[in-house]
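Colleague: Take this structure first; my questions come after.
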Amino acid sequence: VPILAKDHKLNITGYLGGGSYSSVAKATFGDSQMVVAAKIIDITPTKAKEDYIRKFLPRETEIVKILQHDNIVRVYQVINIPNHVIFVSEYCANGDLLKKLKKTKSLPEDEAKFMFRQLIAALMHLSQFHIIHRDLKCENIFLDAHDNVKLGDFGFARVLKAGEKSGTFCGSRAYVAPEILRAKDYSGNAVDVWSAGVVLYIMLTGSMPFDDRNPQKMIEKQLAHRIRFSRSCTASTAAKTLVLEVLHPHAPNRPTYKAICDSEWLKSTPYYMKPQDP
Ligand code: ADP
Ligand code: MG
């Protein structure tokens, strides 16, 4: 890969991480040799990768070309070389949110608010194009050098127009909405709203809202709509109320992104990017 990538002015300088079908390298790119992250996907056909190559990768490629937002990992170029596709993307110096939470456990409420507001801004951008992410979790929320949120990994995303339904199971069990866990059809972006609620709970508490090894028990807890906060959790009532509203078991009852921004917890929080002043 590196030898062919050089023709595209892409020079691999290090290793950042790896997933099931890809590895991500640190690299420099273009005439200016700016620092980038290069997601290198091996598309040599195998039975296991068939669905991914035929269905999900073309969707991801289409979607990342559409999206241009300060809180979404920018993809500068998609390079096609024999047996590989390379996504040349914005480099997120502070890694991902899971890594950060492993260090600090939970976040101070003001920091959680700032990051959640940016995440909602990214999701509002997706909804303008009827795009749902479907794999929203702390590992896919990247952070730039100032800890601004950069939503990434659109490997399960798809365009879902009003009235269209999907039944595909996507995402990680701990973050997935109950309608997906129960293998029901879903429509609209309520599945992403749910996952954002799980992320918010984790930011505020450092733990999972429905951590249960037993899938059946987990669904029961979700449907009961009872969200517990430990006594040591110092989050405000406004924050806890928003978590409860967002994690509504019945998808149509979940708030819209607009309603989330207008909630008691967020309404007086201006959206801004660091290091600029609010
Ligand atoms: P996968 O589909 O394999 O999960 P991801 O896009 O989530 O692919 O990337 C896998 C890992 O690579 C991430 O967990 C992270 O450690 C690293 N990584 C991915 N994109 C970036 C980026 N833009 N900047 C910095 N690190 C990244
Ligand atoms: Mg990922």
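Taken together, the values in this text are just the output of simple stated rules run on the coordinates, not laboratory data. The structure presented is a predicted model; accordingly, all values stated were derived computationally and were not measured. Here Cβ is always computed from backbone atoms with ideal geometry, including for glycine, and neighbour counts include all displayed protein chains.
Colleague: Looking only at 219, 131, 202, which one moves most when the chain is put into a Gaussian network model with springs between Cα atoms under 10 Å?
Modeller: 219
Colleague: As I understand it, the dipole of the chain uses +1 on the Cβ of Lys and Arg and -1 on the Cβ of Asp and Glu, about the Cα centre. Which of 148, 8, 104 lies farthest toward its positive end?
Modeller: Highest projection toward the positive end goes to 104.
Colleague: Any idea how far apart residue 32 and residue 20 come out in nm if each label point goes 7 Å out from Cα toward Cβ?
Modeller: Going from the residue 32 label point to the residue 20 one covers 3.6 nm.
Colleague: Kindly write out, for segment 80-92 in residue order, the coupling ³J(HN,Hα) from the Karplus curve 6.51 cos²θ - 1.76 cosθ + 1.60 (θ = phi - 60°), rounded to whole Hz, with x marking Gly and Pro.
Modeller: Listing the rounded values in order: 9, 10, x, 6, 9, 10, 10, 9, 8, 10, 3, 8, 9 Hz.
Colleague: Need the full-extension length gain, residue 129 to residue 145, defined as separation in residues times 0.36 nm minus the C-alpha distance. One decimal, nm.
Modeller: Values: separation 16, 0.36 × 16 = 5.76 nm, distance 2.79 nm.
Value of the extension gain: 3.0 nm.
Colleague: Per residue of segment 213-220, in order, report the coupling 6.51 cos²θ - 1.76 cosθ + 1.60 (Karplus, θ = phi - 60°) as ³J(HN,Hα) in whole Hz, putting x for Gly and Pro.
Modeller: Per residue, the Karplus-derived 3J(HN,Hα) values read 5, 8, x, 5, 4, 5, 4, 4 Hz.
Colleague: Would you mind checking the tilt of helix 109-128 against the longest principal axis of the Cα atoms of the chain, expressed as 0 to 90 degrees and rounded to 10?
Modeller: 60
Colleague: So, one more: Rank 119, 151, 101 by mean-square fluctuation in a GNM of the chain with C-alpha springs under 10 angstrom and give only the top-ranked residue.
Modeller: Looking only at 119, 151, 101, the biggest GNM fluctuation is shown by 101.
Colleague: Amide H of residue 95 versus every other amide H placed in the peptide plane: which residues, excluding those fewer than 5 positions away on the same chain, fall under 5 Å?
Modeller: So residue 95 has HN proximity to 143.
Colleague: Treat the count of other C-beta atoms within 10 Å as a stand-in for reagent exposure and order 182, 59, 117 from fewest to most.
Modeller: Values: 182 11, 59 16, 117 19.
Ascending number of Cβ neighbours within 10 Å: 182, 59, 117.
Colleague: Over the Cα atoms of the chain, what is the Rg over Rh ratio if Rh follows Kirkwood? Mind showing how you got there, number by number?
Modeller: Numbers: Rg = 19.0 Å, Rh = 19.6 Å.
Ratio of gyration radius to Kirkwood radius: 0.97.
Colleague: On to the next question. For the Cα atoms of the chain, what angle does the longest principal axis make with the long axis of helix 57-66, in degrees from 0 to 90, nearest 10?
Modeller: 80
Colleague: Cα axis of helix 190-205 to longest principal axis of the chain: angle in degrees, 0 to 90, nearest 10?
Modeller: That helix lies at roughly 80 degrees to the long axis.
Colleague: So, one more: Rounded, prolate or oblate, given the Cα gyration tensor of segment 108-241, with a/c below 1.5 counting as rounded?
Modeller: On the way: a/c = 1.91, a/b = 1.12, b/c = 1.71.
It is oblate, given that a/c is not under 1.5 and a/b is not larger than b/c.
Colleague: Related question: What Kirkwood hydrodynamic radius do you get for segment 62-165 when you take the inverse of the mean 1/r over all pairs of distinct Cα atoms, in Å? Kindly include the intermediate steps, with their values, before the conclusion.
Modeller: Working: mean 1/r = 0.0683 Å⁻¹.
Radius from the Kirkwood sum: 14.6 Å.
Colleague: Tell me, how many Å apart are the Cα centres for segment 171-191 and for segment 225-278?
Modeller: Each part reduced to its Cα centre gives a spacing of 20 Å.
Colleague: Among rounded, prolate and oblate, which fits segment 211-270 when a ≥ b ≥ c are the square roots of the eigenvalues of its C-alpha gyration tensor, a/c under 1.5 means rounded, and a/b larger than b/c means prolate?
Modeller: Values: a/c = 3.31, a/b = 1.46, b/c = 2.27.
It is oblate, given that a/c is not under 1.5 and a/b is not larger than b/c.
Colleague: Now, a different point. I want to make sure I understand the PRE zone here: with the label point 7 angstrom from the Cα of residue 268 toward its beta carbon, which residues in segment 229-245 have backbone N atoms less than 16 Å away?
Modeller: Hits in segment 229-245 for residue 268 at 16 Å: 236-240.
Colleague: What lysines could a cross-link reach from residue 274, if we take a straight Cα to Cα line under 19 Å and drop same-chain neighbours fewer than 8 places away?
Modeller: Residue 274 reaches 100, 113, 150.
Colleague: Please find the FRET efficiency linking residue 258 to residue 54, where r is the Cβ-Cβ separation and R0 is fixed at 51 Å, and quote it to the nearest 0.05. Let's see the in-between values first.
Modeller: Values: r = 36 Å, r/R0 = 0.70.
My answer for the efficiency is 0.90.
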